[in-house]
Amino acid sequence: MPLLSRLRLLINGKTRGGEEVAYFLAFNVANVLNYAYLVSMGLLLGTESYGLFGALFGLVYLVSALGNTVQIAVARHVAVAQAAGALSRQVIFVALVLAAVLAALVGLVFLALSPTLAQAFHSPSEPLLWTSLAIVLSILMPAGYGVLQGKQNFHRLGASLLAAALFRIAIGGALVAAGWGPSGALAGVAIGYVASGLLALGPQASKTSISPGRVEAPSFSSLAAILVVSIAMAVPTSVDVALVKHFFPAVQAGMFTAVAVLGRIVLFVPLAISYIALPKVVARVSGGGDPSPLLRSSLIQTGAVASSAALLLLFLTTVLGWTPAGDISGVMTPLYWYLTGMVAFAFVATFTYYQIGRGNFASVFALLIPGTIAQPLLIILFHGSLTAVAQVVFAVNLLLLAACLLPAALTQVKIWHLPWVSRDTERNKRILHVGDAIPQRTVDAE
């Protein structure tokens, strides 16, 4: 078969592994488009209006940690149901209702705080209304992503992410050009969520059977546990920039922010690999199988992608002179340390999602929470230079990776047996309570 034909089939998800590859590409293209949207809004809005948009969009981004929590919780719930042969419209419906309740509660809290936020940001009411809508949708629509992720429908999941980014650029850009200002930019964010949510949720009801069995939504304890994990993953990749902004002059803080942006690229590019592996781990554990081969393949893929991304960024910055924020030639040494640290943290993220798939939250807490606390404390203690700060980031992430690898290594050589599979299998069986009458026609064939 000609090379172009093979590539076309791969992108369309019609070859072995092609759907996962298509999702990986869509995930990262969508992130690039979202970054381009922020940059383009800066060019269209002007400094003052862009400052308001940036502040309000920052609130949406902060609350989106809840959306990530909803997506992972729903994905686990749907994957467990599918592995048990009990996936039905009710399973999806109750998960979406729980997400809607959570989104409505957060939206009401934000509306109650709107007068205070209007004074703090010197904002009229209209941008805050669009912000509240975007916040609600940033929690609700990821539930649809979670359904697709749990069903391993990565082709449609990638299309949903691309739809959000494309509609955001098209609608937001048009509204800002029409004179809507920050409200138009925030409306674009909200409409992007709507477009992707309709694409993600639209096919679900018609392609999943109806079951008379009793089902339950993901528990609030599960949501709380995953929220803690989401926060613990976010803090180490954001608190360093805030502390550098506090301790260093503005010029140095700006250069370190550029370094951190490059480091986050190394972390986020391979993240789609963990999203793909999560429902597969859940299904393997629920069936009583050994998920460790999935971990090994995910680690190999993550290592290859993260290392390639780091080397490419080093080439772009050192050879071609490209940076996200002007000249950063004075912080090249911190850049080396920081990128290496983010490669290590990419491995930690892979381990984290693997353990979430197994339902082994205790080990995730024991790993991430100490690192979340240690990194800011060490930066406060050792902030003599930007290199020292980057070395702290590297050292903490390397220790986290060692903490991930040690139990696995000990288990592999039979020194320390960890009976995770049997425990996790029983835990997953208890996550979904299904009545005795379960029809045999359960899941879609897509």
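Please treat every number below as a calculation from the coordinates, not as lab data. Quantities reported herein were computed from a predicted structural model and do not represent experimental measurements. With ideal geometry, Cβ positions are generated from the backbone for all residues, glycine too; neighbour counts draw on all protein chains shown.
Using the average count of surrounding beta-carbon atoms within 10 Å as a protection proxy, the listed peptides 24-37, 150-163, 354-367 rank, highest first, as 150-163, 354-367, 24-37.
Packing here is the average count of other Cβ atoms within 10 Å per residue, and on that basis the peptides 185-193, 260-268, 291-299, highest first, run 185-193, 260-268, 291-299. Work out the FRET efficiency for Leu198 and Leu399 from their Cβ-Cβ distance, taking R0 = 51 Å, and round it to the nearest 0.05. Between Leu198 and Leu399 the formula returns 0.70. With neighbours defined as other Cβ atoms within 10 Å of a residue's Cβ, the residues Ile380, Ile169, Ile226 order from fewest to most as Ile380, Ile169, Ile226.
By other beta-carbon atoms within 10 Å, ranking Met141, Met332 with the fewest at the front produces Met332, Met141. The calculated FRET efficiency for the pair Leu312 and Glu48, based on their C-beta separation and a Förster distance of 45 Å, comes to about 0.80. In this simple spin-label approximation, Leu25 and Thr116 carry label points 7 Å from Cα along the Cα→Cβ vector, and these lie 4.8 nm apart. With just the Cα atoms defining each centre, how far is the range 222-282 from the range 133-208? Give it in Å. First find each Cα centre; the distance between them is then 22 Å.
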